[in-house]
Amino acid sequence: LDDNSASSNMNNASSISSTWGCVEDIRVYIFQKELWAGVALAFLYCNVMTFGGLLMAYLNSCGLTWEVIGLCQGASNFAGLLGTCIFALLQRFLNDVRATALCGICWQFMLLSVSMFGVLMKNPWFIIVGVIPSRIGLWIYAIASTQLFQQTVPEKERGKVGGVQTSLNSLFQTIPLILGMIYSDVDDYWKVLVTSYLSNGTAVLMVLFGVYLPCRKSN
């Protein structure tokens, strides 16, 4: 009985220690300087206007063949690669990683607005025309936000901040999947796309008012 009691106490202590460690990691994340840049990045993970399963199935239901969709997916991947190159050029020109981040996320949102127009008009080509180049802005912002973390988060806290950020990204990534199960009918898919679009718009506001403008005012 004594051994069982000791083992139970050790397990309880380990559970409390693990819980406290999670709380401490979240506290560190919340109070780090570039909080809004990270939260905005997580909101972008709620985006379904990418060539994933949900959008590809919707485009196919709109009449596009899988061959055309596959080619568009390849072009989208190339656009993401192009975004990494444009980031370097934009950063060299602006010399301000926060301004670069704002440019990237605004570019993405502007083009997703074109895609949203295509959704409302039920025109798959408008959707594609918006989605493919929007990947450039997404990658610009993703790289810029990573640089902001590297510049502002102390080295000893980067593991905690990175862990919470990864968990937050995964959480938001599940939202469109859940919505896809709720609104599984193709005629209801626009509801998922609208939610995704609003999530991206919220991320833009976070970067503008939480990342870019505060830095401009302090300077």
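The values are calculated or read from the model by the stated rules, or taken from the named source; none is laboratory data. For clarity, every value in this text was computed on a predicted model and none was experimentally measured. A quick note on method: Cβ atoms are made from the backbone with ideal geometry, for glycine too, and the neighbour counts reach across all protein chains shown. With ligands, DNA and RNA removed, areas are computed over all heavy atoms of the protein, side chains included. Shrake-Rupley method; radii C 1.70, N 1.55, O 1.52, S 1.80 Å.
Rg over Rh for region 133-210 works out to 1.06, using Cα positions for both radii and the Kirkwood form for Rh. For Ala144, neighbours were defined as the other residues whose beta-carbon sits under 12 Å from its Cβ, and their charges (Lys and Arg +1, Asp and Glu -1) total -1.
The largest accessible area among Cys62, Cys215 belongs to the first residue in Cys62, Cys215, and the rest follow in falling order (1.4 Å probe, all chains).
Only the Cβ atoms of Lys and Arg (+1) and of Asp and Glu (-1) were treated as charged; on that basis the dipole of the chain about its Cα centre amounts to roughly 840 debye.
Please sort by residue number the trypsin sites (Lys or Arg not before Pro) in region 78-128 whose DSSP state is loop and whose Cβ has at most 13 other Cβ atoms within 10 Å. Provide the component values of the computation, followed by the final result.
On the way: sites: Arg92, Arg98, Lys122; in loops: Lys122.
Here the sparse-neighbourhood loop sites are Lys122.
Counted over all Cα-Cα pairs of region 125-178, pairs farther apart than 14 Å make up 69 percent.
Would you please calculate the Kirkwood hydrodynamic radius of region 24-115 over all C-alpha pairs and express it in Å, rounded to one decimal? Please report the intermediate quantities before stating the final value.
Details: mean 1/r = 0.0637 Å⁻¹.
When all Cα pairs of region 24-115 are included, the Kirkwood radius is 15.7 Å.
Excluding same-chain neighbours fewer than eight residues apart, the lysines reachable from Lys122 by a Cα-Cα span under 23 Å are Lys191.
Counting only protein heavy atoms and using a 1.4 Å probe, the accessible area of Met181 comes to about 140 Å².
With the convex hull of the Cα atoms taken as the outline of region 95-186, the averaged projected area works out to 7.2 nm².
Is region 165-218 rounded, prolate or oblate when judged by the Cα gyration tensor, a ≥ b ≥ c being the square roots of its eigenvalues, rounded requiring a/c under 1.5 and prolate requiring a/b larger than b/c?
Because a/c hits 1.5 or more and a/b fails to exceed b/c, region 165-218 counts as oblate.
Looking at the chain, do any whole DSSP H helices span at least 18 angstrom along their long axis by alpha carbon and average 0.5 or above on Kyte-Doolittle, and which? For the chain, where a helix must reach 18 Å along its axis and average at least 0.5, the hits are 66-94, 97-121, 124-152, 158-182, 189-207.
Remark on region 41-199: Rg and Dmax equal 16.5, 52 Å (Cα only). Highest mean first, the peptides 132-139, 154-161, 188-195 sorted by other C-beta atoms within 10 Å per residue fall in the order 132-139, 188-195, 154-161.
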